[in-house]
Amino acid sequence: MIFAASKRPIDGHATTDYGLAFCLFGKAEAILLARGAGFAFAVVDMEHGPLGIAELGQMAAVGQASRFPVYGRVTGPGSPDLARVLDCGAAGVIVPHVDSPDDARRIVDACRFRPTGSRALPGPLPTFDYHSLPAEELCTRSDTGTQVIAMIESATALDTVEEIAATPGIDGLMIGSNDLADGLGLRGQLRHADFLTACMRIAAAARTHGCSYGIMGLPSDLIQSHAVDLGATLIVATNETNLIIDGGARLLEEVRQETVSRALP
C-alpha cells in the first residue's frame, strides 16, 4: 500500500490533516491509539528522545495495515536512516535542519531512485506487502508514493527557502516552530510578527513550487493564522508527551475542583 504524496492541488484547495508526534512511546499499538483519537497521521520522532529505526518499523507496519500514514523524522540531512525509514514502510521522511539547496539535494539523492537520486534498491518492502516486484515497477511506485519533507528551521534556510522548495524530489516544507523562531533570534516568541512573516514566506515558496506546507510546535491559538490560513496540509498538533502532561494536569484540576465543590457545606 502506498500513500499519495500531498502535493498542493493546482486550484489552491487542500485538505488539512492533523497529526500526533511520538517522542517516547514506540509501541505498535500507539498508532492505533492515534488513529482512534481521530488524528490523520503520526510522526515517529527519531531526532529527540529514545525512539529509533526498530520502533519506526513496527509503527510504520501498523500504519500500512490500518491505512494510517506514519512519517519518520530523522536527525538531519546526514542521517544514515533517510532511506531506511522508507524501506521500513513509512509514508515519508521528515528531515530537520535543511539549511540549503545542497542539503535538499543530499536528501533527495538518498531518498529517490535514479535518475532523480541514487537510493539503493531494497528487498521486498512492507509498502507492497513484501511482494517481489520488478525493479522498474518498485522504483516507480515507491517514488510516486513517498513524501520527502524538508524542515525549515533557521535563518539560513529561510534565506534560500525558494531554492529548497524548487529542488526536484522535495515534496514538502515543514516548519519546526520553536527552532525557526530561535534561529531568527525570537526564542519563545511565536507570536512575534516576524515569525508570522517567515511562515508566510515558507508557505508561499511551497505553494509556488507545488510542495505541501506543514508545521509543528504551534500553540493551538496560532494554528489558524500560521497554518490553516496559509494552506497547511500537515499540522502536527502535539506530541504524546505534552498530550499526557497537559491533559492529565487539566483532568486533575477538574477532579480536584469537583471534589472541593462537593465537600463544601
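With everything on Cα atoms, drop me the angle between helix 193-208 and the longest principal axis of the chain, reported from 0 to 90° to the nearest 10.
Helix 193-208 and the main axis of the chain meet at about 30 degrees.
Of the residues His192, His209, His97, which exhibits the maximal mean-square fluctuation in a Gaussian network model of the chain defined by a 10 Å Cα contact cut-off?
In the Gaussian network model the winner is His192.
What do the square roots of 5 times the Cα gyration tensor eigenvalues come to for the stretch 173-261, in whole Å, largest first, as semi-axes of the equivalent ellipsoid?
Values: eigenvalues 202, 41, 23 Å².
Ellipsoid half-lengths, sorted descending, are 32, 14, 11 Å.
For the chain, list log₁₀ I(q)/I(0) at each q in 0.08, 0.11 Å⁻¹, using the Debye formula over Cα point scatterers of equal strength and ignoring solvent, two decimals each.
Once normalised to I(0) and log-transformed, intensities are -0.32, -0.59.
What whole-number value in cubic angstrom gives the convex hull volume per residue for the C-alpha atoms of the stretch 111-255?
On the way: hull volume 20.8 nm³, N = 145.
Per-residue hull volume (Cα only) is 144 Å³.
Counting only residues 5 or more places away or on other chains, whose amide H sits under 5 Å from the amide H of Asp17 once H atoms are built in the peptide plane?
Placed amide hydrogens put Leu234, Ile235 under 5 Å from Asp17.
Using the Cα atoms of the stretch 62-195 to build a convex hull, what is its mean projected area in square nanometres?
So the mean shadow area of the Cα hull is 8.6 nm².
Read-outs throughout are calculated quantities, based only on the coordinates presented, and are distinct from any laboratory measurement. Predicted model only: the values in this text are computed from it and were never measured.
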